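So the structure is just underneath, and the comments pick up after that.
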Amino acid sequence: MFICTAMPASATATQVTITFNDATDALSVTTSGVGTTPCGSIVNFIPSSIVETCTVNLPVLAGYTATMNFLPLYFIGEGTGTNAKVSDMLTTMPVHDSHGTLTSIMLIFASDGNVGPLVPCPYGVCNVTENGMVQTVGAITWTKTGSPTIVDTIKFKSDLAPVPEPASLLLFGSGLGIGAVFLWRRRRLVAPSV
């Protein structure tokens, strides 16, 4: 688990950016002012599939309240229309102590681990479609009367699934064509015996 703490500045708002990086072979998190930390545990989340996870814990500073401008379950899709599938998901969970006081907010980024089958986006629509660029999920704004505001901006970057190169497609198509000609000639040369 990676723990990120945002400390307030004297009189101005503090801006912290947390970016989940879903590279093809590794999951990491980058926090402004802290750097990049590898993370990710392999979890048997759904039978026969593997999900990589990355957790960031945002502790609540005394007296601050949090407001989020994004949904607690945020679905990141790949593909479009009826073919859109969930490839990544961000879950936001409040953590309370035994007295019911909010102590932290946990962000859990889950990636498909580049295995399938992927599940369809809920109601046919994901919150955003990954495009290989850094994309913003939203922000958690921490406020306290008489104190500076703290804004944690949450972002992610997911690598796109590799697309076959035109040369690979041409080679594959040529192989299919040669195989079809070979089968056609073989069938023609071997006449059925009567």
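The values are calculated or read from the model by the stated rules, or taken from the named source; none is laboratory data. Here the structure is a predicted model, which is why all the values come from computation and not from measurement. Don't worry about glycine lacking a Cβ; one is built from the backbone with ideal geometry, like all the others, and counts go over all protein chains shown.
Pairs are defined by a Cβ separation below 7 Å, a sequence spacing of at least 6 or placement on different chains, a first member in the stretch 115-136 that is closer than 18 Å to Val51 by Cα and in a loop (DSSP other than H, G, I, E, B), and a second member that is basic (Lys, Arg) and modelled with pLDDT of 80 or more; the pairs so defined are Leu118/Lys85; Val119/Lys85; Cys121/Lys85. Selection of first residues in the stretch 50-78 that are over 16 Å from Lys155 (Cβ atoms) and of second residues that are surrounded by fewer than 18 Cβ atoms within 10 Å (Cβ to Cβ) and aromatic (Phe, Trp, Tyr), restricted to Cβ pairs under 6 Å at least 6 apart or on distinct chains, gives the following pairs, ordered by first then second residue: Val51/Phe45.
Search the stretch 23-47 for residues that are in the same structural domain as Asp112 (by TED's automatic domain parsing) and pair each with any residue that is at pLDDT 65 or above and aromatic (Phe, Trp, Tyr) when their beta-carbon atoms are under 6 Å apart and the residues are at least 6 apart or on different chains. If the second residue must be at pLDDT 65 or above and aromatic (Phe, Trp, Tyr), the pairs left are Val29/Phe20.
For (1) surrounded by fewer than 13 Cβ atoms within 10 Å (Cβ to Cβ); (2) out of contact with any Ser or Thr (no Cβ under 9 Å at 6 or more places or on another chain); (3) modelled with pLDDT under 50, each residue gets a yes or a no:
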| site | (1), (2), (3) |
| --- | --- |
| Tyr123 | yes, yes, no |
| Val134 | no, no, no |
| Val137 | no, no, no |
| Thr145 | yes, yes, no |
| Pro148 | no, no, no |
| Glu165 | yes, yes, yes |
| Leu171 | yes, yes, yes |
| Gly179 | yes, yes, yes |
